[in-house]
1. Mind telling me which of the residues LEU273, LEU281, LEU364, LEU293 ends up being touching a Pro at 6+ places or on another chain (Cβ under 6 Å), within 27 Å of LEU428 (Cα to Cα) and among the hydrophobic types (A, V, I, L, M, F, W, C)?
2. Tally time: how many residues in the stretch 32-55 are among the small types (Gly, Ala, Ser), at pLDDT below 80 and either buried (at least 23 other Cβ atoms within 10 Å of the Cβ) or not in a helix (DSSP H, G or I) (or both)?
3. Say whether the condition of being touching a Cys at 6+ places or on another chain (Cβ under 7 Å) and surrounded by fewer than 21 Cβ atoms within 10 Å (Cβ to Cβ) is met by at least one residue in the stretch 188-205.
4. Can you tell me which residue within the stretch 405-437, out of those that are within 26 Å of GLU275 (Cβ to Cβ) and of a type in the set (Phe, Trp, Tyr), is farthest from the chain's Cα centre (by Cα)?
5. Anything in the stretch 291-312 that is of a type in the set (A, V, I, L, M, F, W, C), closer than 15 Å to ASN441 by Cα and surrounded by 22 or more Cβ atoms within 10 Å (Cβ to Cβ)? List them, or say none.
6. Mind checking which pairs have a first residue in the stretch 109-120 that is within 11 Å of VAL255 (Cβ to Cβ) and a second that is in a loop (DSSP other than H, G, I, E, B), Cβ under 9 Å, 6 or more apart or different chains?
7. Looking only at the stretch 184-200, count how many residues are β-branched (Val, Ile, Thr), modelled with pLDDT of 90 or more and closer than 14 Å to PHE34 by Cβ.
8. Just for the stretch 186-240: of the residues that are in a loop (DSSP other than H, G, I, E, B) and among the small types (Gly, Ala, Ser), which one is farthest from TYR388 (Cα to Cα)?
Amino acid sequence: MSRQLFKSTAVVGSMSLVSRLLGFVRDMLIAHIFGVGSATDAFFVAFKIPNFLRRLFAEGAFAHAFVPVLSDYKEHGSQAALKQFIDKTAGTLSVCLLLITALGVFAAPVLIMLLAPGFIRQGSQYELSVQLLQITFPYLFFVTLVAFAGGILNAHGKFAIPALTPVFLNICMIAAAIWLAPLMSEPVTALAWGVFAAGVVQLLFQLPALAHLGLMPRPRLGFDDAGVKRIISLMLPAIFSVSVMQINLLLDTLVASFLSVGSVSWLYYSDRLVEFPLGILGVALATVILPNLSKSHAADDTAAFSHALDWGLRLVVLMGLPATIGLVLLAEPMLSTLFQYHEFGVSDVHFAGLSLKAYSLGLLGFILIKVLVPGFSARGDMKTPVRYGIYALLVSLALNLLLVFPLAHAGLALATSLGAFFNAALLLKKLHKDKVYQPANGWGIFLVRVSLAGGVMAAGLFYGVDAAGWHDWSATERALNLVKWIGLGLLCYTAILLLTGLRLRHLSAHRYE
């Protein structure tokens, strides 16, 4: 089972890597063409709201509610019952999304007022934010249907198409920035139209794969259907439990709107870099492990359930630690290489670097949550993650108030990171206490090996990288040096792991010694 899990995770991770790399190209273009200012702050807020709701509903609550119910139908129902369930879910979901989208477009002025109240002081910035949000909000309708289609494909072991789908968001935004922006009186509006177009393209891309499985939905209303009712009952708590990080990021934006101009953009660019390993490893693991856990629970196989969680946690530590070290110690070199062109200056690199380091410290916590929450949702328990999510959110809010004054926008990022670790610790403790997860043998030696490798990597980067002189180099010199240091860091990490005896096969159960 571990080999299949690893193979599926590698497929999703590689597809996500393509999307994330294109995402960097997109953000480099945005930084190059639009720089950092009131217009980009307005767009990032207008983009963050539907993107937040996408992660809340599509990648978060809906996926965690839909996939376990779908797996149950696959395990115990007929093909006809499965198809009927999919049809009724599609129709019910579409109606709900249409109502939410219409409400969001109509209430855009109120949403901006609530989520970026600092913009009200700048009348033109507030009006631009409202206009951009009204264009981007319908993205939620299309991308949630994309998540619905992706959930069906993932449950049938077809991971590549859903994992590749996000590429089209970046392609559409890149095209809009290059070709549409010069034609518009307010160039940043082109990015909003790129987001809208991406939702349509992403949905169309997944339909042929559904048709190939014979599961192309024929939407029908099903509010009274037992399966749809189960999804709704699971979604309500799941909306909160799987999206605490996103809520924290939204609150960071709210507070940052009161800080100096550029604070929202600095947080955005630093979050984008943290999203790179989080998207490749965290989202890939969550995508693969949820159907597996749901299947194990439906088959009442508690040993396989615990083993899948143990495998996921071990992979998080193995790959998340070097990613954290690299992001913290190469924060400014990365930002300088990717974004320091024309309108994005040295001071922007410095301030974005502060928040990047703070977000990076919470990377392991963010990924752990994505692996641990499926341990509850696969069993139909969303109340526990909700309760712990509330505790973590309250901790983050308190830390926001304490840290924003001495650390400004970086304090907001650090508060979010600390809240993520608090949330992950509560989830792990509960799974272990309820004997849902029992750690396999060999965790001690595994942690010693990984910590030693991480320490050597950190020492090499700390003493070898001159971040202060990075800004004076040409773009080519910065890129070549960044690749060199990332390569050397990973080489050191991998070499120490091999020298201490760790092998990939040790990620399988009972083979950790």
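The values are calculated or read from the model by the stated rules, or taken from the named source; none is laboratory data. None of the values given here were measured: they were computed from a predicted structure. Here Cβ is always computed from backbone atoms with ideal geometry, including for glycine, and neighbour counts include all displayed protein chains.
1. The unique qualifying residue is LEU293.
2. 2
3. Checked the stretch 188-205: at least one residue is touching a Cys at 6+ places or on another chain (Cβ under 7 Å) and surrounded by fewer than 21 Cβ atoms within 10 Å (Cβ to Cβ).
4. This residue is PHE422.
5. ALA308, LEU309, TRP311
6. Matching pairs, first to second residue: LEU115/SER257; ALA116/SER257; PRO117/SER257; PRO117/PHE258; GLY118/SER257; GLY118/PHE258; GLY118/LEU259.
7. 1
8. As a first pass, look at the stretch 186-240 and keep what is in a loop (DSSP other than H, G, I, E, B): 186-188, 214-225.
Retained after the next criterion (residues that are among the small types (Gly, Ala, Ser)): 214, 222.
Details: GLY214: 40, GLY222: 32 Å.
The qualifying residue farthest from TYR388 (Cα to Cα) is GLY214.
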